Amino acid sequence: MERSANRIGILGGTFNPVHFGHLVLAQEAWYRFELARVLFVPAAQNPLREDDPRDEVSDAHRLAMLKLGCGRDSRFAVDAHDLRRGGQSYMIDTLRRLGRVHAGSGLVLILGEDAAVMLDRWRYAAEFHEYCELAVAYRPGGDEDEEQLRRLFGDLRLRYEFMPIPQLDISSSDIRQRLKAGKPVRYLCPDTVVEYIHENKLYLD
């Protein structure tokens with residue numbers, strides 16, 4: 001990828017809740033690709049996921065936790081347009097919108113391996129190359145086949161680069177399960193997020 005300070009990273013997700021894995025991924029992309037900043041884009045409804053209704057919290061709670069997680073880090077910002085619009089959230093719509101809002105800036109879509117391997121199932125993924133490049137988090141020796149991903153990206157005519165990241169085995173679903181079981185989640189999420197979860201009694205059966 002060509003290096004430029006005038007580039008914006010995009011990290012989408014449900015962030016239910018946001019955790020250190022998300023923040024480390026954003027930080028690594030910001031550093032490696034010399035991004036001006038990383039936009040966290042919370043989805044209203046992920047069309048490829050059917051979450052357990054018992055895991056659901058309000059959009060307002062998810063947004064509040066995400067803002068707390070990003071805190072005062074000037075490298076990060078939250079773009080809540082899709083969340084406020086409601087309905088199913090498609091990345092192609094986000095890319096088109098941000099391409100207009102940030103005309104003249106290069107967009108870099110940040111993906112984890114689990115999302116990258118399913119990219120051909122995303123709506124209008126064949127058009128992504130018109131709007132962005134990919135920064136793909138990759139763990140050497142991980143579950144996903146690097147050659148499989150290269151073939152997929154080639155079929156979609158995508159510009160991409162693999163990005164080694166620290167191996168943090170953290171997931172939002174595991175955090176929710178730990179909370180339901182009464183287990184501690186400190187050091188998995190920022191303290192401000194953990195405090196918010198407990199104050200609002202989120203993710204309890």
Would you be able to tell me the number of residues in the range 23-55 that are at pLDDT 85 or above, surrounded by 14 or more Cβ atoms within 10 Å (Cβ to Cβ) and part of a helix (DSSP H, G or I)? 9
Can you confirm whether the range 142-149 contains a residue that is at pLDDT below 90, part of a helix (DSSP H, G or I) and within 18 Å of Val108 (Cα to Cα)? yes
The range 123-136 residues that are under 14 Å from Val108 (Cβ atoms), paired with ones that are at pLDDT 95 or above and part of a helix (DSSP H, G or I) (beta carbon under 6 Å, 6 or more apart): Tyr131/Leu95; Tyr131/Gly99; Cys132/Leu95; Ala135/Ala29
Applying the selection to the range 153-205, what residues are among the hydrophobic types (A, V, I, L, M, F, W, C), at pLDDT below 95 and either assigned to a helix (DSSP H, G or I) or at positive phi (or both)? Phe153
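The values are calculated or read from the model by the stated rules, or taken from the named source; none is laboratory data. Please read these numbers as outputs of a predicted model, since none were measured by experiment. Quick reminder, even Gly has a Cβ in these numbers, built from the backbone with ideal geometry, and neighbours come from all protein chains shown.
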